[in-house]
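> This structure is in structure tokens; I'll ask about it shortly.
The values are calculated or read from the model by the stated rules, or taken from the named source; none is laboratory data. This one's a predicted model, so the numbers in the text were calculated from it and none came from an experiment. Note that we place each Cβ from the backbone using ideal geometry, even for glycine, and neighbour counts take in every protein chain shown.
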């Protein structure tokens, strides 16, 4: 350990090897998979909503990767079947997440399909769940003395209603809700789809 | 499909063969022979055997050597500017961390502005403390220690000044971008790639002087601290640039890149900085070499080989191939080997010299940090086991673990290093010795509360989530007292950081009441 060059070369060689195993290897395997049958690309509005999802930092409290029934009761909670790699082909940036301060959202569109529910919940989560610690997003809404044509009014219980006027959704809120409503990965996954099967018993169907 | 995996395995076999051939060559050429006497590289002649702690010296002590005074003088400006920047980011980052923590139990607080929503405040906290505090201060310590272990002044000492200015500007731009919702959208990679070009460029200005200094060193042997620093400085720029290249990956491939990067920031950047720093300061302050110098070789190469492949344990149970998850779990377990090697080396030395902890506050910080490195690493390995991961993944437990590493380990080590190097670098004592002890106890007690709260709360949250008979709301409710306790612990930590920052500013700006050694140096000049 008296020379700089071999030290640097070996160190970088080891990193290159790790990159091969953790990045290039999985990428080759994942890219060989076709999108899950029935998976649709995002609409323009859903993409705008997805940008909101990313910009607000929803990923820091919500995962998008239900676990398999062998590991956790995610499906029983209505979060959907275990996610597979081919469910994510249109996701950029990925929003898999590592935290469940709130529930998994990979299939929230099927679990909670109502636009009005989402608007109320985004404006003030505690208008729906008293126990919720999710922040409200009042800046995605505005207060108007009366709703104009085409305005979407947020329905709120009395204690969260403004003293006068109404709360209407800004386009950003409508986009975000459109994205959430579109989150649906309930189509059955192909038998050979890629995911971590480390929890399933040998030969057990997914 | 099986063809590509087969090719991959064949390739890994070839790589192993090449590595083996290289190892044989290296042993043949005495590249790997290291002896215990090399552990004395950090001392100058006659220095080993006595405690060396600038914060504990009295006015009439003459513990100052001319060789080092010259070395430290050259690195002074870049080191102090980087430390000052690091501390600035620490204070700002702690503030955002505290706000994020409070928001988890006061969800309606500060909800009117987008810039202050939880998702952005939390992200600002992470980026400021990792790329601001930990990276800048870590680089500062490396710039200060490297010339000392090589017994030669820092070369190109102006380059880090440019680097510091550029890094600060880029990080500020990144923070403003995140606050305004402009983000690359992946954890640890939020700063927009356009801004990352600035950070990557700034990095060059730190790496080049250290490598040139190493090449011009006056000792043959590279001390173990140098291995960690040099390797870390090779790894991080490569990682950072590759992970930030846009438009290559999407979906799950992107997630594997994300966690390959994010865990390597910890394993191949922050850990080498912290472990390397501890390898210098623990023996330096105690005045005795580390326990077994040859063991440090195992610790270093073990870290490089195993730590680089653990990243996918962040995706256990996720939509990634089983084999790559298993690979990362195996390597997570293998991490016990290098961690034990480092632990034996550092903790045995401290345990045999416990008296020194009473005398030296910098040593207290560094030694406790080193101990928490061992604990954080053990915890991380265990957390990667599938059964444990099912409970702890997706919970606050992971946040506690992350802080055990980045705070308990790295930050405490850096605190100790800064306390040691500022008097040596400026030639002036810390003005308020009592503030150092207060800082120590504030952050240690604060962190204990922080860690205990998130660990217990996280396990309860995880167990609630795994129990299908309990509604999801239960997993939120059960964490509430622990989230509140975390805010209390976090406040104490932030208070400690404020005290540290004020103390640093006063120490640097105080009127030159010269260090005793400095007068010794200037005397001949007066006589002449």
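> Among B:23, B:18, B:7, B:11, which is the only one that is under 30 Å from residue A:26 (Cα atoms) and at pLDDT 75 or above?
From the options B:23, B:18, B:7, B:11, the qualifying one is B:18.
> Okay, moving on. If I filter region B:472-483 down to residues being part of a helix (DSSP H, G or I), surrounded by fewer than 21 Cβ atoms within 10 Å (Cβ to Cβ) and touching a helix residue (DSSP H, G or I) at 6+ places or on another chain (Cβ under 8 Å), which single residue comes out as nearest to the other protein chains (Cβ to nearest Cβ)?
Filtering first and then ranking leaves B:472.
> Does any residue of region A:46-58 turn out to be within 8 Å of chain B (Cβ to nearest Cβ), at pLDDT 95 or above, closer than 23 Å to residue B:474 by Cβ and not in a loop (DSSP other than H, G, I, E, B)?
Yes, some residue in region A:46-58 is within 8 Å of chain B (Cβ to nearest Cβ), at pLDDT 95 or above, closer than 23 Å to residue B:474 by Cβ and not in a loop (DSSP other than H, G, I, E, B).
> Still on this structure: Those residues that are assigned to a loop (DSSP other than H, G, I, E, B), crowded, with 20+ Cβ neighbours inside 10 Å and either more than 8 Å from every other protein chain (Cβ to nearest Cβ) or free of Cβ contacts under 8 Å to residues at least 24 places away in the same chain (or both), I need them from region A:83-96; list them, please.
The one that is assigned to a loop (DSSP other than H, G, I, E, B), crowded, with 20+ Cβ neighbours inside 10 Å and either more than 8 Å from every other protein chain (Cβ to nearest Cβ) or free of Cβ contacts under 8 Å to residues at least 24 places away in the same chain (or both): A:94.
> Looking at A:105, A:156, can you tell me which residue is closer than 29 Å to residue B:320 by Cα and outside any helix (DSSP H, G or I)?
Going through A:105, A:156 in turn, just one is closer than 29 Å to residue B:320 by Cα and outside any helix (DSSP H, G or I): A:105.
> Taking the condition of being surrounded by fewer than 16 Cβ atoms within 10 Å (Cβ to Cβ), within 12 Å of chain B (Cβ to nearest Cβ) and part of a helix (DSSP H, G or I), how many residues in region A:29-45 meet it?
Looking only at that region, the number is 1.
> Of everything in region B:337-351 that's touching a helix residue (DSSP H, G or I) at 6+ places or on another chain (Cβ under 9 Å) and over 12 Å from residue B:295 (Cα atoms), which residue is surrounded by the fewest Cβ atoms within 10 Å (Cβ to Cβ)?
Looking at the filtered set, the residue picked out is B:347.
> While we're on this one: Please go through region B:242-258 and give me each residue that is free of Cβ contacts under 8 Å to residues at least 60 places away in the same chain and more than 8 Å from every other protein chain (Cβ to nearest Cβ), ordered by number.
B:243, B:245, B:247, B:248
> Let me ask something additional. Given (1) in the same structural domain as residue A:99 (by TED's automatic domain parsing); (2) closer than 30 Å to residue B:252 by Cβ; (3) free of Cβ contacts under 8 Å to residues at least 40 places away in the same chain, identify the lone condition not met by residue A:151.
All conditions are met except number (2).
> Here is a further query. If residue A:64 meets every condition in (1) within 7 Å of chain B (Cβ to nearest Cβ); (2) buried (at least 21 other Cβ atoms within 10 Å of the Cβ) apart from one, which number is that one?
The failed condition is (1).
> A further question on this structure: Checking residue B:384 against (1) touching a helix residue (DSSP H, G or I) at 6+ places or on another chain (Cβ under 9 Å); (2) within 11 Å of chain A (Cβ to nearest Cβ): exactly one of these is not met. Which one?
With (1) touching a helix residue (DSSP H, G or I) at 6+ places or on another chain (Cβ under 9 Å); (2) within 11 Å of chain A (Cβ to nearest Cβ) applied to residue B:384, the lone miss is (2).
> Would you say residue B:317 is within 14 Å of chain A (Cβ to nearest Cβ) and buried (at least 24 other Cβ atoms within 10 Å of the Cβ)?
Criteria met by residue B:317.
> Would you mention how many residues in region B:387-409 are within 14 Å of another protein chain (Cβ to nearest Cβ) and over 13 Å from residue B:313 (Cα atoms)?
8
> Buried (at least 17 other Cβ atoms within 10 Å of the Cβ), more than 14 Å from residue A:53 (Cα to Cα) and either more than 14 Å from chain B (Cβ to nearest Cβ) or touching a strand residue (DSSP E or B) at 6+ places or on another chain (Cβ under 7 Å) (or both): is that true of residue A:123 in this structure?
So residue A:123 passes the test.
> Kindly evaluate residue B:426 against the criterion of being surrounded by 18 or more Cβ atoms within 10 Å (Cβ to Cβ) and more than 14 Å from chain A (Cβ to nearest Cβ).
When the stated conditions are applied, residue B:426 passes them.
> Out of all the residues in region A:162-186, which are in contact with a helix residue (DSSP H, G or I) (Cβ under 9 Å, 6 or more places away or on another chain), assigned to a loop (DSSP other than H, G, I, E, B) and more than 12 Å from every other protein chain (Cβ to nearest Cβ)?
Hits for region A:162-186 are A:183, A:184, A:186.
> Still on this structure, I have one more. If you go through region A:67-77 one residue at a time, do you hit one that is closer than 30 Å to residue B:248 by Cα and more than 8 Å from every other protein chain (Cβ to nearest Cβ)?
No, region A:67-77 contains no residue that is closer than 30 Å to residue B:248 by Cα and more than 8 Å from every other protein chain (Cβ to nearest Cβ).
Conditions tested, residue by residue: (1) closer than 19 Å to residue B:93 by Cα; (2) in contact (Cβ under 8 Å) with a residue 40 or more places away in the chain.
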residue	(1), (2)
B:361	no, yes
B:365	no, yes
B:382	no, no
B:388	no, no
B:399	yes, yes
B:437	no, yes
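> Quick test for you: out of A:102, A:182, pick the one residue that is under 30 Å from residue B:459 (Cα atoms), under 21 Å from the mean Cα position of the chain (by Cα) and surrounded by fewer than 21 Cβ atoms within 10 Å (Cβ to Cβ).
A:102
> Across region A:69-82, which residue is farthest from the chain's Cα centre (by Cα) among those that are over 24 Å from residue A:41 (Cα atoms), surrounded by fewer than 23 Cβ atoms within 10 Å (Cβ to Cβ) and touching a residue at least 24 places away in the same chain (Cβ under 8 Å)?
Checking each candidate, the answer is A:70.
> Right, residue A:171: under 22 Å from residue A:75 (Cα atoms) and over 15 Å from the mean Cα position of the chain (by Cα) or not?
Spelling it out, it is not the case that residue A:171 is under 22 Å from residue A:75 (Cα atoms) and over 15 Å from the mean Cα position of the chain (by Cα).
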